[in-house]
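The structure under discussion appears below in the form of structure tokens.
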Amino acid sequence: MTLLEVRDLCSGYGSLQVLFGVSLEVGEGEVVALMGSNGAGKTTTLRTVTGLLRAMSGTVHLDGRPVTGTTPERLVSAGVVMVPEGRGMLRDLTVAENLAVGAYSVTDKLQVGASLDRVYATFPILHERREQKAGTLSGGQQQMLALGRALMASPRLMLVDEASLGLSPVMTERAFSLIAEVNRTLGVAVLIVEQNVLALDLADRAYVLEKGQVVASAEGDAVRTMQGRLRTAYLGTAV
Amino acid sequence: MSRRDLPSRVSGLALITVVLLAPAFMNVPQTAIVTSASCVALVALGLDVLVGSTGQLSLAHAALFGVGCFSALGLGTHGAPWLLAFAGAAAMTSLTAVVVGLPALRIRGLQVAIASLAFQQFAQQIPNKWDQVKFVGKTFDPPSYLAGVTSQYYLGVALVVGVLLVLAGLRRTRGGRSLLAVRDVEQRAVAFGVATGRTKLFAYAVSGAITGLGGALFALQQTSVSDTQPFILRESLLLVAIVVVGGARSPIGILIAAFATKAVPGLLAPQFGSGIQLLIPVILAGVLVLSVVLQPEGIGGVLRGLRDELGAVTERPVPRPLATDPVLAAARARSLREVPRPLTQRLPVPALLVASQVSVRYGGVVALADVDLEVRRNEIVGLIGANGAGKSTLFNAVSGLAPTTGSITYRGRELLTAPAAGRSARGVARTFQDMGLVRAETVRENVLLAQGWMAQYPAVTGMLALGAAVSTERELRHRADQALELFGLEHLADERLGDLPYGTMRIVEIAAAVASGPDLLMLDEASAGLTPEEAHALGDRFRALRDELGLTLVVIEHHVPLIADTCDYCYCLESGALIAEGTPAQVTAQPRVVESFLGRGTLEPVG
Amino acid sequence: MLSALVLGLAYASAYSMLALAVVLIYSGTRVLSLAVGEIGAFGLYAGLWSHDNGLLGVRPPVFAAALVAMLIGGVLGLVVERLVMRPLLGRPALDSLVATLAVALFLALLELKLYGLDPFPAPSPVGDGSVEIGGATLTVTEMTLLGLAAVVALGLWLFLTRTSFGLATRATTSDPTVARLLGVPVNRVYVFSWGVAGLLSGAAAALLANLTGSLTPFSLTSALLSALAGAVIGGLDSLGGAVVGSLAVGLVNGIVGSRVDPTTSAGVIFVAVLVVLVVRPRGLLGSARVAA
């Protein structure tokens, strides 16, 4: 069943239009990758879906209900959490406080406690550093905190904006496998927005964005083919 | 052109007539009211140098007005001739303003305003102590030719006109451009060779001098001051209101707002009763609230809108660069290489830029780790890597905008130990990923800003249009136009930068960087915002800059084909570390590079 | 000497309440509000006017006037947030500062127009009683101020560090966009900050006006600015810093101002601000981000 459905989304900043009719879907429990280079409109898509940016036209549906032009707060309550680009640390707050803010929309104290235990179990280093200010963590630790913090809201869908940003390949791989694990064990659907082809390893479905339009999409085994093609396309023009 | 000018010429002429003949139609108290309003107008114009042009908020200008007034009185009552009293008042106020502005050297924005507030609170108390001792019974007797209200009126007009001219001079020359750079791109202004701290203090000094003149005129008019109401906190806030409602950097708007606030209530009082004197400021404050929310450009913005409306007969030029042959254009622009740089800094050296063990850290995040690289003269060097790999950070390290350790030498001399503002003079120019120019200014002014280090005249002489400033400015303007021609932008020279499409702004930024006469040109994602055709054409331009102008380029690029066919050498960064170097073909063939950096290839739609 | 000290402390307490109002708004919205003084003063004018002239045939007691001041202050805070500050979100900090200045100017000039230049007598909302301790006379107003300021400071500290909405407020301070994405209702944080700041301003106005004997337009703005000087010295985004700084400024104003003269005390404060901002821009206890 379709969890998130984006139809013909157009959006931009002021008079500068960036998206020209983007359509994509994320099913329940699926991992979907939205690939594209810098400036292709990946982040703009996420910002419009979450309501940080107003859509010029087009629609966004969650569970078949329209949520176009919603606020990020309401979307979080509806089970959609974004892991912002650059990890979005609340730098002046401690690790524990960052996690607590992640659970802000959850009223059930028991549930919060359970989420916290789970996050600390998944990322022991966060427990170790819980009193440390988030701004002083290393890049990899910040990525864990960003993921853990999103999980605190017990989401059904996570929107992950460039998890690989500024991470080494080893750390990028770690980040991706964490995302895959979250998806597998908790059944959380994930929309990964990436320029790194490795993201396709975990994707059930993928889209390629170029100049604000979806220029390619693939599902199931075709995703592997797409990964191959993206690599060759890259090498083909570069050499 | 002339049709556009006609309405403004007619209205200008009408305005001059009204101003010159006005005293004939006003009685003595009315004339005096208008003159004291011009004192306030002068102070407001002085305040605008800070608020409008430099982006520094002062809440102490009423107190500075007082400093000017009492300085002039102090000198005048002790027998100094009026000219000396005026000059002394300007100097004293200027000095005081600089002291009040000192914290601006260390901090930006809001807290500077608080320091000025503390000064206001302090200074407004002083006259209470002094009054009886120093000024009672003494008067500032002007010479007979300045004793009458009419002659004082004309002196006021002359001062306002003089200040307007000086401000126009400031705007057109080095000083004014530095102020704007500090206002809009503060941290990046050093890339244009603008020393931020000194520029701010210069703004305080100019602002203070103009304010001091307003105070001196007030002293002359009042001959002795019994009432300190004009110098209290409320008036400081009102002055800010006048500037904001009038419109930042819009002298005419500010004059209108000043006279509406300070002259109109007094002139209308006889007809409408004194209630109006309290009502008009309330209305002004209400308008101020609305204006901040709805019309940030104030009366000046409204006037500009009207003028554009009236002048809409002329057609807007095509907002994109004109197609020019890159090689021919570059060959024609060879004189851009003639820059006033000592011979020792022009000698050919094999390695122009050498970075060794360069690291940059922000908090716990390592943005750049022990990077070694070399840029050879007259080459195009590509810098590739995924988002966040540290490419722009490397540029920031070279231009002095990041906390850097290690060593970066340029022409064999260490850069890191020298002040950042000196780098453009040494021949290092750059563009920013998200545009480091002043959007509110014209294309030409932005190019002139980038050429700042070549304007080696004191900012004050530029303001007063003295000496070498005039000829230097003329040459720099010529040079700027040449640089614009090089990129097919000459038809856009007078357009406001912010009105242009993003891609064109980026080209303007490159033109500005080239105009600054660099040997090393660092371009951060020059192809962003361009159409694929334009991006492709960029490669030819890069080569023309290298071959015809002899520049050395370092380009950060995501557009891989561009790297592949223009770069002589290429470095790849990943998580702040260098992972590959060599020719573009060698680098892009390495599996590690492929893993870490997926550029935009020519994708064919799948399935 | 003791009574001068207590008077100084009372001033300092009133200043610290104003400083706390400023810090509350600053931590929620990163806006330095110059309006929170006049907002309370405007409320107090209305309260005192109704005390003098009666409202619907009833003359409310002075204590009620103080409550009216707090109530109107709170409501005005909400109105200003919604109508003026909200549309300015995302605009440069200078615009917001000028907007709050505009609000202060508007309210003060409106007071001038409505109630005239003559100072409004400001009786104490808590009565004129006093006690004698060790040869010094302490008025009930002074003691109320001391107690109230302590309660407010403690309450605000507990709020920010112990409650979930306090955490939301601090998250908003740190990065409003990220906070929103995590489900923090940032608009509610803004509304709350301005509302509570308005209440505080009203209370501070009622007590401070009695301390100085009367209420005039701009008097509260003037006090606020002294408090702000204190907050800057102490560190703008630090609750403790703001309290310590504004207490110091209040003490200087109360003691030097009454023992020597107001000019000297204002001069001391100006020099202190200048030195602190040049030597340690973030303030004595503030975090590095204040200076950025």
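The values are calculated or read from the model by the stated rules, or taken from the named source; none is laboratory data. Computed from a predicted model, the values in this text were never measured in an experiment. FYI the Cβ positions are ideal-geometry reconstructions off the backbone, even for glycines, and counts take in every protein chain you see.
At-a-glance table
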read-out	value
From B:Val554, B:Val508, B:Val514, residue being in contact with a strand residue (DSSP E or B) (Cβ under 7 Å, 6 or more places away or on another chain), touching a residue at least 60 places away in the same chain (Cβ under 8 Å) and within 22 Å of B:Arg439 (Cα to Cα)	B:Val514
Matching entry among B:Ser274, B:Ser236, B:Ser224 (being within 13 Å of chain C (Cβ to nearest Cβ) and modelled with pLDDT under 80)	B:Ser274
Which listed residue, of C:Val62, C:Val36, C:Val68, is in contact with a Pro (Cβ under 9 Å, 6 or more places away or on another chain), more than 12 Å from chain B (Cβ to nearest Cβ) and under 27 Å from C:Asn253 (Cα atoms)	C:Val62
Residue ranges of strands (runs of 3 or more DSSP E) in region A:1-85 with at least 1 members over 15 Å from A:Leu159 (Cα atoms)	A:2-13, A:16-27, A:55-62
Condition met for B:Arg177 (within 14 Å of another protein chain (Cβ to nearest Cβ) and closer than 19 Å to B:Val51 by Cβ)	no
Wholly enclosed strands (runs of 3 or more DSSP E) of region B:544-592 bearing at least 1 residues surrounded by 24 or more Cβ atoms within 10 Å (Cβ to Cβ) and at the interface with chain A (Cβ under 9 Å from one of its Cβ atoms)	B:569-574
Cβ-Cβ under 6 Å pairs, at least 6 apart or on other chains, region C:45-67 side under 18 Å from C:Leu107 (Cβ atoms), far side of a type in the set (Phe, Trp, Tyr) and in a helix (DSSP H, G or I)	C:Tyr45/C:Tyr115
Lone qualifier among C:Gly166, C:Gly213 - being over 13 Å from the mean Cα position of the chain (by Cα), more than 14 Å from chain A (Cβ to nearest Cβ), of a type outside the set (Val, Ile, Thr) and surrounded by fewer than 21 Cβ atoms within 10 Å (Cβ to Cβ)	C:Gly213
Selection status of C:Asp52, at pLDDT below 90, within 14 Å of chain B (Cβ to nearest Cβ) and in a helix (DSSP H, G or I)	no
Tally, over region B:418-453, of residues that are part of a helix (DSSP H, G or I) and polar (S, T, N, Q)	2
Pairs with Cβ under 6 Å, 6+ apart, first in region A:19-43 and among the aromatic types (Phe, Trp, Tyr), second not in a strand (DSSP E or B)	A:Phe20/A:Gly212
One residue from C:Glu38, C:Glu81 being crowded, with 24+ Cβ neighbours inside 10 Å, among the acidic types (Asp, Glu) and under 14 Å from the mean Cα position of the chain (by Cα)	C:Glu38
Residues of region C:26-49 classified as farther than 19 Å from C:Leu211 by Cβ, touching a Ser or Thr at 6+ places or on another chain (Cβ under 8 Å) and in a helix (DSSP H, G or I), total	4
Only listed residue being touching a helix residue (DSSP H, G or I) at 6+ places or on another chain (Cβ under 8 Å), more than 30 Å from C:Leu89 (Cβ to Cβ) and in a helix (DSSP H, G or I), chosen from C:Leu207, C:Leu200, C:Leu224	C:Leu207
Total residues in region A:126-180, condition of a type in the set (D, E, K, R) and within 26 Å of A:Val6 (Cβ to Cβ)	4
All positions within region B:463-478 that are closer than 13 Å to B:Gly169 by Cβ, touching a residue at least 24 places away in the same chain (Cβ under 8 Å) and not aliphatic (A, V, I, L, M)	B:Glu473
Candidates A:Ala189, A:Ala150, filtered to the one that is under 12 Å from the mean Cα position of the chain (by Cα) and within 11 Å of another protein chain (Cβ to nearest Cβ)	A:Ala150
For C:Leu236: the one exception among (1) closer than 27 Å to C:Gly43 by Cα; (2) assigned to a helix (DSSP H, G or I)	(2)
Residue match in region B:14-30 (condition: over 19 Å from B:Val161 (Cβ atoms) and either of a type in the set (Asp, Glu) or crowded, with 20+ Cβ neighbours inside 10 Å (or both))	no
Residue pairs meeting the criteria (Cβ under 8 Å; at least 6 apart or on separate chains; first basic (Lys, Arg), in region C:83-102; second at pLDDT below 85)	C:Arg91/B:Pro296
Residue within region C:234-246 that is of a type in the set (A, V, I, L, M, F, W, C), over 30 Å from C:Ser164 (Cα atoms) and out of contact with any Cys (no Cβ under 6 Å at 6 or more places or on another chain) present	no
Filter result for the condition that a residue is away from every other protein chain (no Cβ under 14 Å), touching a residue at least 24 places away in the same chain (Cβ under 8 Å) and either under 18 Å from the mean Cα position of the chain (by Cα) or in a helix (DSSP H, G or I) (or both), over C:Gly147, C:Gly73	C:Gly73
Test: residue in region B:522-533 that is surrounded by fewer than 23 Cβ atoms within 10 Å (Cβ to Cβ), away from every other protein chain (no Cβ under 13 Å) and touching a helix residue (DSSP H, G or I) at 6+ places or on another chain (Cβ under 9 Å)	no
Test: residue in region B:211-227 that is out of contact with any Gly (no Cβ under 9 Å at 6 or more places or on another chain) and in a loop (DSSP other than H, G, I, E, B)	yes
Those residues of region B:454-477 which are over 19 Å from B:Ser424 (Cβ atoms) and in a helix (DSSP H, G or I), in sequence order	B:Val460, B:Thr461, B:Met463, B:Ala468, B:Ala469, B:Val470, B:Ser471, B:Arg474
Meets criteria (modelled with pLDDT of 80 or more, in contact with a Phe, Trp or Tyr (Cβ under 9 Å, 6 or more places away or on another chain) and more than 26 Å from B:Pro23 (Cβ to Cβ)) for B:Ser250	no
Given (1) polar (S, T, N, Q); (2) assigned to a helix (DSSP H, G or I); (3) modelled with pLDDT under 80, number of the condition B:Ser116 does not satisfy	(3)
Candidates A:Ala146, A:Ala150, A:Ala163, filtered to the one that is part of a loop (DSSP other than H, G, I, E, B), at negative phi and crowded, with 20+ Cβ neighbours inside 10 Å	A:Ala163
